[in-house]
Amino acid sequence: MKKRNSNTLPTRSASASAALLIISILGATWSSSAYANRLEDIKSRGTLICATQNASSPYGYQDPKERKYVGYDVDICQAIASHLGVKLQHKPVSTEARIPEVKMGRVDIVAGSVAWLPKRAQEVDFSLQYLQGNIKVLVKKDSGIKTLADLKGKKVCASSGSSSAAIAQKAIPGADILTYQNISQCYLGLQNDKVQAMSAGELVLLRFSNDSQKTGSPAVLLEQPTATEHIGVIMNKGEPELKGAVNEALQAMDQSGELDKIFNKWLGADSIYKLTREFKVEPVTQTDNATAQ
């Protein structure tokens, strides 16, 4: 009987292993390519999963009468979904969960009043600016606090994971910055004298200031802002098609007057704030010195 050449077996085995490795690599590549274009996934399923904050009026909050989520950002989500030709699946999230929800792929985009910061830009991509506003500080009227400098050594509260908290660390030197789960808890802390000030978006603070006038301890906003926020829709990095589509939707909304309509409803002439829209739909990286730190 002829002996089988044992030297040929390892060669065949190595060849087979190499072939399997190549197939495995190609398979992984094809698989990742199939899911890399999130825009195609959105259109295929027919829904856009867009998150907003869950307790931040007038941006995203639950209407106590209708028991549904409403607000500026909720309307922005709906408008983007309409421009993409799909239905909206709205997801309310906490302030601190906005970026993690995107990075873990649980949502497609977040229109959650997320201000551009260099650190955030390393984690997620930002669309063009769809909102802009000042971050300010609210204090009790009888506190004797008149300027940001007066906050040295004082306890200042901000929402956990918010740009207000991040900026306060640099904009209010010497202050003790505390973070609570949401801004409503900060307001409760201010009322109970657990903190001497709270920092957030100007509109949010105006609402608390108005509410406080009905109590025996009215609160006022300090005139000097800690920063100007440049706010965009956020999404995972490596999704240029989705980013492009969101930018196109925002530009179309701007040109058609749809963005003005949403702004006036929640922030402008038709709202309690009576603000005038002054921002442009432009890159969020056109920031001032405070937010760029």
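Just so you know, all these numbers are worked out from the coordinates, no wet-lab data involved. This is a predicted model, so every value here is computed, not measured. Ideal geometry is used to build each Cβ from the backbone, glycine not excepted, and the neighbour counts take in all protein chains shown.
Dipole size in debye (nearest 20) for the range 134-227 around its Cα centre, Lys and Arg Cβ +1, Asp and Glu Cβ -1?
Magnitude of the dipole: close to 60 debye.
Each residue of the range 199-213 in order: what ³J(HN,Hα) in whole Hz does its phi give by Karplus 6.51 cos²θ - 1.76 cosθ + 1.60, θ = phi - 60°, with x for Gly and Pro?
Karplus-based 3J(HN,Hα) across the range 199-213 equals 10, 6, x, 4, 5, 4, 5, 4, 5, 5, 4, 4, 5, 5, 5 Hz.
Could you work out the per residue convex hull volume over the alpha carbons of the range 141-293, in cubic angstrom?
Roughly 128 Å³ of hull volume per residue.
Quick query: amide H of Ala175 versus all other amide H atoms, modeled in the peptide plane; which residues come in under 5 Å with a sequence gap of 5 or more or a different chain?
The answer is Gly153.
Find the eigenvalues of the gyration tensor of the Cα atoms of the range 134-227, then list the square roots of 5 times those eigenvalues as equivalent ellipsoid semi-axes, largest first, in whole angstrom.
Working from the Cα gyration tensor, I get semi-axes of 17, 14, 12 Å.
Taking H as built 1.01 Å from N, whose amide H comes closer than 5 Å to the amide H of Ala115, not counting residues under 5 places away?
For Ala115, the qualifying residues are Ser163.
Quick one: which of 167-180, 62-75 comes out on top by average Cβ neighbours within 10 Å, and what's the full order, highest first?
Peptide ranking by packing, descending: 167-180, 62-75.
Cβ neighbours within 10 Å, averaged per peptide: list 215-227, 152-164 in order, most packed at the top.
Those peptides, ordered most packed to least, come out 152-164, 215-227.
Sorting check: for 113-126, 186-199, 268-281, which peptide has the highest mean count of neighbouring beta carbons within 10 Å, and how do the rest follow?
Going by the mean number of other Cβ atoms within 10 Å, highest first, we get 186-199, 113-126, 268-281.
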